[in-house]
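The values are calculated or read from the model by the stated rules, or taken from the named source; none is laboratory data. Source: prediction; values computed, not measured. Positions of Cβ are backbone-derived with ideal geometry, glycine not excepted, and every protein chain shown enters the neighbour counts. The area values use the complete protein model at the heavy-atom level, side chains included, leaving out ligands, DNA and RNA. Shrake-Rupley method; radii C 1.70, N 1.55, O 1.52, S 1.80 Å.
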Amino acid sequence: MATVTAQLADEYLNLVDGQWVGARNDEWIPVESPRDRQTIARVPRGGEKDIADAVNAASRAFPGWRDTAPRARGRLLQQIADALEPHAERIARIISLENGNALRTQSRGEVNFAIDVFRYFGSVAGEIKGETIPLNPSVLDYSRREPLGVVGAITPWNAPVQLAVMKIASALAAGNTLVLKAAQDAPLAVLEIAKIADEFLPRGVLNVIVGYGTEAGEALISHPDVRKLSFTGSTAVGSRVMTAASDRIIPVSLELGGKNPQIVYPDANEEWVAQGTITGMRFARQGQSCTAGSRLFVHKSILDSFVGKVTTNLAQLKVGDPLDEDSDIGAIVNKKQFDQVCGYIEDGLNRTTTTAAIGGLPPTAGSLSEGYYVEPTVIVGVENEWRIAQEEIFGPVMCVIPWEDEDDVIRMANDTHYGLSAFIWTHDIGRALRAAHSIEAGWVQVNQGGGQVLGQSYGGYKRSGIGREFSLEGMIEGFTQRKHVSIETTR
């Protein structure tokens, strides 16, 4: 294993009202590193009382923050970005240590993206504008966008910094205050960023609680003073968040699961396409991404040849210690997720028609057996109706499904209750556009497999979510409310 230089503390605290505090129950959660299954720190086990303290602090801070000039709020976010930059490498190493993402291919990019998020929303904070309506010469009729109040945000462990900062920056730029419930499996880097942000923000504007979803998460989504819920995570939990919001009739943003299709046309049997589908599958993140293109629909005429290209490229990637500069792919986040992924692989290969073109069940001996490592797995001979082709595995497992008729492959691509992302691979742009317009997904890429870009209004269709983030439009629609004012000027 590589030498650890993440500069971790043994113990982390919650941020409430500008103070770093333990849980009110004085209980703790151990944080385990998936690279070697060793406990690396402990964090407070926040609960209902801690959430109440945080919401009360955010409520007190809201009037002052709401009335702070938008550009002044934006300048503070940009200052946070500047202060975060010198800590980027240290925080990237913490991410790799706590959630298993490879340092070189994932964690460094995640922190740099987070820095850009603070700068982006800092720069557009003054763009929250209303409109005027020319009713007649004697009436001034206009609208204004106002913040909602206290936002309750819950983020997952797979991209903890990117997703936490996205919610922090957009909510705060719009004038809201925030209570963030960080994932207990990967809370350390988020707390490190909160320490830096807290140096610039008024007390109570940002509060961060670590705890279990059934305790701290449930308390946050149920608190009567929370005016907006923003959740990224599983569809099952997202449904519970939406139910809690409906009880109080408050808005929600939900970015949930995906079982995303990649369609390879017969004219795309090329090396760059094979590499692109590997990127789209998020193998470098162990497949632990809601946008992973895990259903690979390949035209029958190129099936064997194209799968060969995919496996040849995958064989060149190294699975190993996430802190090792040579590692392309790291570890699954925890034992629960590791066992779940292994169960799906076992289920997928326990059929007479399927084979693993590469990968399979993880090794039981050697250095990889010391952590939660699963090698990239491509299962051939899968039918679209099967469990492994319909359920989100959230691991490095790609299902290959052959097709012949274009209408049929579009039907199969849409035959899922998810609708987050999709990938089209062809030289025929007309065909690509027809497919992109026919696929039921909130984000479709053609001949590229990269990640989200700031400025895109990213979100899902169907049970993949509701609402949009990542953009100025997403911030305005998701974190403000419209007020209309009409004035008779002659009276």
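Directionally averaged projected area (region 156-255, Cα convex hull): 6.0 nm². The alpha carbon centroids of region 445-483 and region 154-197 are separated by 17 Å.
The spacing between region 228-291 and region 357-382, judged by their C-alpha centroids, is 23 Å. Normalised per residue, the accessible area of region 205-288 is 31 Å², obtained with a 1.4 Å probe and no contribution from ligands, DNA or RNA. Rolling a 1.4 Å probe across the protein heavy atoms gives region 72-148 an accessible surface of 41 Å² per residue. For region 211-343, the normalised intensity computed at q = 0.18 Å⁻¹ comes to -1.02 (log10 of I(q)/I(0), Debye sum over alpha carbons, equal scatterers, no solvent).
Computed over region 84-154, the Cα gyration tensor eigenvalues convert (square root of 5λ each) into semi-axes of 44, 13, 9 Å, ordered from largest to smallest. Reported value for region 90-235: 147 Å³ per residue, from the convex hull of its C-alpha atoms. For the chain, the carbon plus sulfur part of the accessible surface works out to 49%, probe radius 1.4 Å. Couplings 3J(HN,Hα) of region 148-159, computed from phi: 7, x, 7, 9, x, 10, 10, 10, x, 9, 6, 9 Hz, in residue order, whole Hz [Karplus 6.51 cos²θ - 1.76 cosθ + 1.60, θ = phi - 60°; x for Gly and Pro].
Stokes-Einstein D for region 306-431 at 25 °C, 0.890 mPa s, Kirkwood Rh over Cα pairs, in µm²/s? The calculation lands on 152 µm²/s.
At a Förster radius of 35 Å, what calculated FRET efficiency corresponds to the Cβ-Cβ distance of ASP415 and TYR212, to the nearest 0.05?
On the way: r = 35 Å, r/R0 = 0.99.
In this case the efficiency is close to 0.50.
Running Debye on region 392-472 with equal point scatterers at the Cα sites and no solvent, what base-10 log of I(q)/I(0) appears at q = 0.10, 0.18, 0.19, 0.22 Å⁻¹? The Debye formula, applied to the Cα set alone, gives -0.26, -0.88, -0.97, -1.25.
Given R0 = 30 Å, the distance between the Cβ atoms of SER246 and HIS484 translates into a calculated FRET efficiency of 0.75. When only alpha carbons of region 227-268 are considered, Rg and Dmax amount to 15.8, 52 Å.
The helix-only estimate of mean residue ellipticity at 222 nm for the chain, built from DSSP H runs of length n ≥ 4 each weighted as -39500 (n - 2.57), is -11000 deg cm²/dmol after division by the residue total.
Residues whose amide H falls under 5 Å from that of SER253, counting only those 5 or more places apart or on a different chain, are LEU229, SER230, PHE231, with hydrogens built in the peptide plane.
Among GLU385, GLU192, the order of accessible area from largest down is GLU385, GLU192, computed with a 1.4 Å probe on protein heavy atoms. Hey, got a sec? Which chymotrypsin sites (Phe, Trp or Tyr not before Pro) in region 1-94 land in a DSSP loop and have at most 14 other Cβ atoms within 10 Å? Qualifying residues, ordered by number: none. Computed from backbone phi, the HN-Hα couplings of region 221-227 come to 6, 9, 5, x, 9, 7, 9 Hz, rounded to whole numbers (Karplus: 6.51 cos²θ - 1.76 cosθ + 1.60, θ = phi - 60°; Gly and Pro given as x). Across region 121-131, rounded Karplus estimates of 3J(HN,Hα) from the backbone phi angles (6.51 cos²θ - 1.76 cosθ + 1.60, θ = phi - 60°) give 5, x, 7, 9, 4, x, 9, 8, 10, x, 9 Hz, Gly and Pro being marked x. Under 5 Å from the amide H of TRP403 lie the amide H atoms of VAL298, HIS299, LYS300, each residue being 5 or more positions distant or on a separate chain, with H modelled from the backbone and absent for Pro and chain starts. Normalised Debye scattering of region 1-120 at q = 0.20, 0.23 Å⁻¹ gives log10 I(q)/I(0) of -1.19, -1.21, counting only Cα atoms as equal scatterers and leaving out solvent.
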